[in-house]
Amino acid sequence: MDKAYEAKKFESDIYAAWEASGFFNPDNLTGEPYAIMMPPPNVTGILHLGHALENTLMDVMARYQRMQGKKVLLLSGTDHAAVATQARVENDLVEQGIKNPRQHFGREELLKKIREYAEESKATILTQIKKIGTSADWSRLAYTFDEERSRAVNTAFQKMYQDGLVYSGYRAVNWSIKGQSTCSDDELKYIERPAKLYTFKYSKDFPISIATTRPETKLGDTAVAVNPKDERYKKYIGKKYSIKQFGGAVDLIIKIIGDETVDPGFGTGAVGVTPAHSMVDFEMNEKHDIGCIQVIDRYGRMTSFAGKAYEGQTVDEAHNKVVDWLQNNNLLEDVKDTIQNVGTSDRFGDVVEVLLMTQWFVAVNKEIPGRGKSLKYLMREVVVSGHTGDAAQRVKINPERFEKVYLQWIDHLRDWCISRQIWWGHQIPVWYELKPEEYQKYKDDSEAFRNFLNFTRPATLAVGLEKPSGDNWLQDPDTLDTWFSSGLWTFSTLGWGSNERMWKKMRAFHPTSWMQMGHEIIFFWMARMILMSTYLLDEIPFHDVYIHGMVRDEQGRKFSKSLKNGIDPLEVIEKYGADALRLSSIIGTSPGADSRFYYEKLDGARNFVNKLWNIARYILDSQKTAEKTRKQLTLADSWILERLEATIYMVNRCLEEYDFASAMDATFGLREFMWDDLADWYLEISKVEGINVDVSNKILETLLKLLHPFLPFVTEVIWKEMKKPNLLMVADWPNRGESLNLSQINVDFSLVKEIITAVRSLRADKGVEPAKKIKAVVNAGKQKKFLAEQAEIIKALARLSDLEFSATKPAQAAAAVAGGVEVYLPLAELLDIGKEKERLQKEIAEIERYRDSLSGKLVNKEFTAKAPKAVVAAEQAKLTEAEAKLKKLREQLI
RNA sequence: GGGCGCAUAGCUCAGUUGGUUAGAGCGUUACAUUGACAUUGUAAAGGUCCGUGGUUCGAAUCCACGUGCGCCCACCA
């Protein structure tokens with residue numbers, strides 16, 4: 001074995017061996033099914049450190065469960081990420097100087113370009129996932145846009161259409177002018193920007209003033225809403241006012257309506273209602289039926305409904321023109337600076353306009369035929385009481401606080417607009433039968449066809465998997481929201497809706513066992529998976545969800561292209577090894593909380609891996625030297641075996657609770673066991689008493705097993721060095737383990753440790769050369785016999801020439817009390833008596849303070865009466881101990 | 001406007017249902033190193049647990065208020 005572990009030398013061979021073994025595929029495993037569906041990364045580029053964290057978490061779980069003897073399916077895949085990918089490719093093309101890529105290339109050509117980009121990105125991503133060591137079943141690799149998944153999408157759409165849950169409607173939608181497509185409510189990113197709030201009247205004799213930041217939309221107003229309890233305006237409710245030539249352009253009929261949502265305290269207490277260009281106003285129209293006038297078109301220009309004077313103008317031009325008109329006609333009462341909260345398209349970046357359009361929607365509030373519940377109800381139920389009220393089918397969100405976030409979102413949920421006008425995505429599986437002349441007109445012009453569909457619904461349509469036979473059928477040109485397909489992920493990957501035979505075989509893996517994701521996709525993805533699975537399969541998609549935080553840079557900033565602070569996991573692996581990357585992404589994290597990435601952490605992780613390597617190297621080397629091996633169990637052997645059991649117990653508990661960081665922790669975790677207990681104590685002692693082959697083998701073997709989920713590569717390499725016949729990845733997981741207890745072995749060993757530490761401390765304090773061997777005197781009392789047995793160890797680790805047991809205190813000595821035993825280092829020539837006295841006095845004072853606080857407690861009747869007996873007893877024991885130590889220290893002072 | 005989270009050593013973070021002399025890693029200081037490992041070892045320094053008040057025999061932990069960060073939701077027109 002080399003002096004230092006060089007990850008690069010081994011990783012690709014080890015990964016190849018795992019793949020060749022076939023154990024990534026559950027078909028080659030037995031036991032109860034256990035499935036983790038990996039969140040498919042977008043094919044928009046390469047993976048970042050957040051993905052590295054996700055992959056590590058899932059692979060830790062998968063390997064842990066596999067070693068427990070389960071039939072583990074870890075399924076990987078990628079997401080075509082409709083808008084994100086098309087927007088990305090279009091942006092790149094624009095940067096290359098192509099002004100309007102859609103016009104320039106046309107549908108087929110542009111799709112080809114996006115496909116090429118996606119394929120390249122997919123290949124990169126898969127390489128990255130493998131490099132991290134992910135034990136995924138590559139034979140079942142999926143893609144949201146491949147054939148099987150596309151068929152599943154169509155199957156789902158068809159069923160929802162038949163149940164009336166998918167419908168097409170002429171409704172207000174969020175429209176990105178730049179992207180020329182709708183976006184869902186969740187795809188909006190709100191930003192604040194300064195704006196002017198104008199207060200005005202429609203006309204001189206209109207009774208109510210209203211305020212707006214968007215005067216240009218007022219050309220499309222059909223009502224004024226006031227709070228029905230508002231005394232000022234009550235009398236107007238129900239009245240209609242006709243306004244001639246508003247803005248110098250259109251006649252309006254304004255109805256005064258009463259609506260509870262209007263805040264009487266804001267502005268004038270009255271709102272101009274523009275149902276065509278505001279979601280809230282559109283909802284008022286649904287309640288009060290006031291009619292809609294669309295004054296802005298899909299290109300952000302004013303329509304003919306805005307009047308001749310405005311038609312064709314941009315929104316900004318119209319804005320100024322209306323303001324001018326109001327001013328000139330003395331209708332403008334006030335202008336105020338304000339901050340406006342506007343929705344922007346997450347992907348295209350522009351401010352979104354609300355427009356009326358015919359689009360496809362998922363009805364979330366409608367009753368599902370035969371179920372008596374709405375989709376919204378199903379989505380809420382799984383988290384609150386379990387699917388169909390069955391507690392065994394409850395989705396548990398970790399950490400729990402995200403449940404609240406999720407439920408809050410559900411309450412605000414509106415019908416989900418699922419059609420998009422971009423080209424990259426699953427085309428809506430709806431065909432329309434057109435008149436021959438219409439068919440000829442639209443068959444090669446999807447834009448014109450879409451405009452036609454906006455106002456005309458052909459009488460005959462077919463929804464399903466394939467184009468109906470016969471002539472003149474044309475498919476809806478729109479594509480589906482990407483989350484429609486990712487919502488099916490937990491079961492479309494198993495063959496549902498596309499491959500009956502496969503679905504039958506893989507059915508047992510659903511509901512999947514464990515799911516993890518970042519909190520930013522709880523709404524987008526988790527919610528949609530729950531919707532799809534409960535509706536289509538009548539069961540939950542997964543039992544447990546673990547929400548992890550975001551990985552940030554060392555200053556706590558997000559990784560982003562503009563900051564140029566991105567780090568490619570492959571570079572990290574190249575330099576530090578995959579194991580170090582895995583370890584560093586886990587340590588310092590806790591569920592749901594963001595974590596920071598910094599290189600010192602990687603150094604630490606790499607050192608950890610190297611330490612393990614050298615521990616193994618030492619154990620295996622020293623086992624070869626015959627005269628240094630022995631059979632009988634020593635105190636150290638028994639102690640390390642007990643510590644091992646405690647560590648097994650801890651690691652199992654942590655993994656059951658998805659507390660990955662604690663399993664590797666320096667306190668009671670694997671780090672403490674490996675580094676402190678094993679390397680610094682047990683192996684150091686073995687240099688004195690020789691190594692026990694059986695014990696050291698057991699320790700090393702078990703340690704490798706426990707570490708394998710976290711550090712799969714180095715552990716597998718060492719396993720091979722141990723000449724084990726089978727792969728570590730399918731070795732038996734150490735399932736037993738006992739929690740740490742105060743056995744005699746632990747107590748005895750602590751005493752030895754404490755004496756050694758005390759001597760070392762005194763030596764350092766007195767400036768004794770580390771190499772210099774000196775004598776120590778111990779007043780051991782009853783412990784004399786036991787300590788005499790351990791003398792060689794104490795002498796070696798504390799670098800003593802002699803260890804004398806005596807009740808007589810040396811005349812001039814540095815002194816300490818360790819584990820209730822007096823320790824003296826007679827150092828006449830080195831010792832400054834005055835200083836040593838001072839040191840002892842300081843220590844005495846410290847313990848006196850401690851003693852006083854303890855006795856203060858115990859004197860307090862309230863404490864002894866009210867505190868639990870065990871606590872009082874514990875405090876009493878502490879006091880006794882402190883007093884004993886104090887007594888000895890005082891004697892030493894003399 | 002509503003909701004959620006965070007504040008503990010120089011830095012990054014643990015601290016489970018209230019009972020510790022409040023911990024770890026990194027960093028710092030001193031010393032050491034020819035045989036497992038300098039990607040190391042030994043020892044040490046370092047904390048008003050954000051502030052104020054309250055509950056309690058007892059508060060880093062629970063409650064209230066305040067301060068400072070961060071996040072989510074909501075088209076106050």
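The values are calculated or read from the model by the stated rules, or taken from the named source; none is laboratory data. Computed from a prediction, not measured in an experiment: that's the story for all the values here. Using ideal geometry, Cβ is built from the backbone for each residue, glycine included, and neighbour counts are taken over all protein chains shown.
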> Does A:P275 meet the test of being crowded, with 18+ Cβ neighbours inside 10 Å and either over 41 Å from the mean Cα position of the chain (by Cα) or closer than 23 Å to A:S203 by Cα (or both)?
Replying inline: yes
>> Can you tell me which residue is farthest from A:F710 (Cα to Cα) among those in the stretch A:34-55 that are of a type in the set (S, T, N, Q) and surrounded by fewer than 24 Cβ atoms within 10 Å (Cβ to Cβ)?
In response: A:T44
>> Quick check on my filter: what residues within the stretch A:729-752 are assigned to a loop (DSSP other than H, G, I, E, B) and among the acidic types (D, E)?
In response: A:D732, A:E738
>> If I ask for residues that are surrounded by fewer than 18 Cβ atoms within 10 Å (Cβ to Cβ) and in contact with a Gly (Cβ under 8 Å, 6 or more places away or on another chain), which ones from the stretch A:359-385 would you list?
In response: A:K366, A:P369
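Given the criteria surrounded by 15 or more Cβ atoms within 10 Å (Cβ to Cβ) and in contact with a strand residue (DSSP E or B) (Cβ under 9 Å, 6 or more places away or on another chain), does A:T634 qualify?
So A:T634 passes the test.
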>> So the check is Cβ under 9 Å with 6+ separation or different chains; which pairs have a first residue in the stretch A:555-580 that's under 16 Å from A:G604 (Cβ atoms) and a second one that's acidic (D, E) and loosely packed, with under 15 Cβ neighbours inside 10 Å?
In response: A:Y576/A:D603; A:G577/A:E6; A:A580/A:D603
> Do we find that A:R394 is loosely packed, with under 15 Cβ neighbours inside 10 Å, out of contact with any strand residue (DSSP E or B) (no Cβ under 7 Å at 6 or more places or on another chain), touching a residue at least 60 places away in the same chain (Cβ under 8 Å) and farther than 14 Å from A:L536 by Cα in this structure?
Replying inline: no
> If you go through the stretch A:135-191 one residue at a time, how many are within 16 Å of RNA strand B (Cβ to nearest atom), within 22 Å of A:R107 (Cα to Cα) and in a strand (DSSP E or B)?
Replying inline: 4
> For A:L831, which of the numbered conditions (1) away from RNA strand B (no atom under 14 Å from the Cβ); (2) in a helix (DSSP H, G or I) fails to hold?
Replying inline: (2)
>> Tally up the residues in the stretch A:336-351 that are out of contact with any helix residue (DSSP H, G or I) (no Cβ under 8 Å at 6 or more places or on another chain) and either aromatic (F, W, Y) or within 15 Å of RNA strand B (Cβ to nearest atom) (or both), please.
In response: 11
> Which pairs have Cβ atoms under 8 Å, sit 6 or more apart or on different chains, and link a residue in the stretch A:403-415 that is without any contact (Cβ under 8 Å) to a residue 40 or more places away in the chain and assigned to a helix (DSSP H, G or I) to one that is more than 8 Å from RNA strand B (Cβ to nearest atom) and not aromatic (F, W, Y)?
Replying inline: A:E403/A:V383; A:E403/A:I397; A:L407/A:R380; A:L407/A:V383; A:L407/A:V384
> Which of the residues belonging to the stretch A:790-805 are surrounded by fewer than 16 Cβ atoms within 10 Å (Cβ to Cβ) and touching a residue at least 60 places away in the same chain (Cβ under 8 Å)?
Replying inline: A:E792, A:A796
>> Exactly one of these conditions fails for A:A815: (1) away from RNA strand B (no atom under 12 Å from the Cβ); (2) in contact (Cβ under 8 Å) with a residue 60 or more places away in the chain; (3) closer than 24 Å to A:I685 by Cα. Give me its number.
In response: (3)
> Which numbered condition trips up A:G106, out of (1) surrounded by 13 or more Cβ atoms within 10 Å (Cβ to Cβ); (2) part of a loop (DSSP other than H, G, I, E, B); (3) at pLDDT below 95?
Replying inline: (2)
> Looking only at residues in the stretch A:738-768 that are β-branched (V, I, T) and in contact (Cβ under 8 Å) with a residue 24 or more places away in the chain, which one is farthest from A:L683 (Cα to Cα)?
Replying inline: A:V768
